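Just so you know, all these numbers are worked out from the coordinates, no wet-lab data involved. In this text the structure is predicted, and so the values were computed from the model without any measurement. We place every Cβ from the backbone using ideal geometry, glycine too, and count neighbours over all the protein chains shown.
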Amino acid sequence: MKNEELCFMPATEMAAAIREKRLSPVEAVDAILDRIEEINPRINAYVTLAAEAARTAARAAEDALAKGKAPGLLHGVPVSLKDLTYTRGIRTTFGSKLYENFVPDEDCALVEKLKAAGAIILGKTNTPEFGIIANTDNPVFGPSRNPWNLNRTPGGSSGGAAAAAAAGLGPLHSGNDGGGSIRIPGSFCGVYGLKPQFGRVARQPAIHGWETLAHEGPLTRTVADAALMLSAMAGPDNRDRLSLPAQKIDFINATRGDVKGLKAAWSPDLGYAAVDPEVRAITAKAARQFENLGCEVEEISADFPNTEADWLVIVISEIAAALEERREEWEKVMYPYYRGFIPMADTLTAKDLAMAQFQREELWAKIHRIFETYDFLLTPTTPITAFDIETPLGPTEIDGQDIAPTGVACFTLPFNFTGQPAATVPCGFTGEGLPVGLQIVGRRYDEATVIRASAAFERACPWADKKPLL
């Protein structure tokens, strides 16, 4: 089997081939590490490799099969972890000079679960400092680049993971999403990104901040791979007081369902978003594709409150509070563009935080009514495609309308406030050859319908065969 073919093999196929001894875990790991060595210098997706540890784990996985030991769900399958995720024995920097040489002495709960399922950790993928912005760049490792156009960003904050997935640098990649950080890079890089229900994947231990916003989930090239990875990652942990109790949800079986008889709402702007006309046209066509799948699709006039400013109040307050003891040290080495908004934390009051929480309640009052009528909601994932890497905070206007830096997340961050599951599916390319994503949002706790709709769309409009010409 050619190395490139192996590097783009879906995890579902790889796991089966390894279990059936048609593929060696050592062969799989070596092929992907070779491709990382070749491709990664161009896109800077991986920032810390655990190559020798991965090869040792692959040999151990092969030996276990030879001895007849029962394989786990991901036995011998390589995975990457975002550099915001505590990983025992592997440098974890959070993209910050403050933690440039930090090596955790314990694993985050999701890492423990992946290892228990037999996954092999390849290394850490790049992130903006503390995951704050939608562009993957930081003072430690510099910018990641989009495999479809090296002058564009892969998005953020899971930009390294999305770029790695698009470039064939492994089949499974973990990300986290506090305002769109799985879905935005998934959209920008033309891969599948799933933000599960808040608390579905236990995330402690974790650096302070993002306490009520961050969701852990997969970035992959296929829906089935994401369902497989989520099956291994999901579940509670006593260290995470916000993790959900275990529920019997068959994520893998959900990929086999269809959407016949379901009702979908389509909103091109949620009532307030500025959207690039080409993105609007491509996503509208994709939304209508569900009609061909037997689903009723209705365009709705949403009137959601714009909660971008409230999201920023919460994020800045939490991050600044988390780093208060090292604030003076941090200001000397922080990502330069943060100096324009982190000091806002000093002007915010308890009233501001309370008002932001009230806005969350108002948002939910609007959103939950939609799901009394519809099974899922469709929107563009992002209002634009990947922006220029030389504009780190993104564009200042879309289609002639001024936007804030948070405007790139206008479609994604509402569902971090509500905690609902949401995914991005690749749904086309612009005339410039840049990917566009369609967002699928489900009811609370209903990842199964999101996965079901995602897989139905993928069967109708497959994307995994499309590869960037690196």
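A few remarks follow.
- Taking amide H positions as modeled 1.01 Å from N, with prolines and chain starts lacking one, the residues under 5 Å from T382 and 5 or more places away or on another chain are G437.
- Each of the peptides 138-144, 15-21, 400-406 was scored by the mean count of other Cβ atoms within 10 Å over its residues; in descending order, highest first, they stand as 138-144, 15-21, 400-406.
- When the helices of the chain are scored as -39500 (n - 2.57) per DSSP H run of n ≥ 4 and the total is divided over every residue, the value at 222 nm lands at -11000 deg cm²/dmol.
- Contact order normalised by residue count of the chain, Cα under 8 Å, 6+ apart, percent: 17
- In order along the stretch 391-408, phi translates into HN-Hα couplings of 10, x, 9, x, x, 9, 8, 9, 6, x, 9, 5, 9, 7, x, 6, x, 5 Hz, rounded to whole numbers, per the Karplus curve 6.51 cos²θ - 1.76 cosθ + 1.60 with θ = phi - 60° and x for Gly and Pro.
- Cα lying deepest toward the dipole's positive end in the chain, options P245, L65, P414, charges on Cβ: L65
- Charge dipole magnitude, Cβ of K and R +1, D and E -1 - the chain, Cα centre, debye nearest 20: 1320
- Sorting 380-388, 291-299 by average packing, meaning the other beta carbons within 10 Å per residue, from highest down gives 380-388, 291-299.
- Calculated from backbone phi, Karplus (6.51, -1.76, 1.60) coupling profile of the stretch 372-388 in Hz, x at Gly/Pro: 6, 10, 10, 7, 7, 10, 10, 8, x, 6, 9, x, 9, 8, 3, 8, 5
- For the cross-link pairs K69/K115; K113/K248; K67/K115, the C-alpha atoms of every pair lie within 22 Å.
- Sequence-distant residues sharing a close amide H with W148 (under 5 Å, placed H): none
- As a rough footprinting exposure proxy, the listed residues M233, M14, M334 were ranked by other beta carbons within 10 Å of their own, and the order from fewest upward is M334, M14, M233.
- Paramagnetic reach from D352 (point 7 Å along Cα→Cβ, amide N under 12 Å) across the stretch 108-150: none
- FRET efficiency, 1/(1 + (r/R0)^6) with R0 41 Å, evaluated for K467 and A404 via beta carbons: 0.75
- Two-decimal ratio, the stretch 76-220, of alpha-carbon radius of gyration to 2.2 N^0.38 Å: 0.92
- Karplus 3J(HN,Hα) series, Hz, for the stretch 54-68 with 6.51 cos²θ - 1.76 cosθ + 1.60 (x for Gly, Pro): 5, 5, 5, 5, 5, 5, 5, 5, 5, 4, 4, 5, 4, 8, x
- DSSP beta bridge pairing in the chain, given as percent antiparallel to the nearest 5: 65
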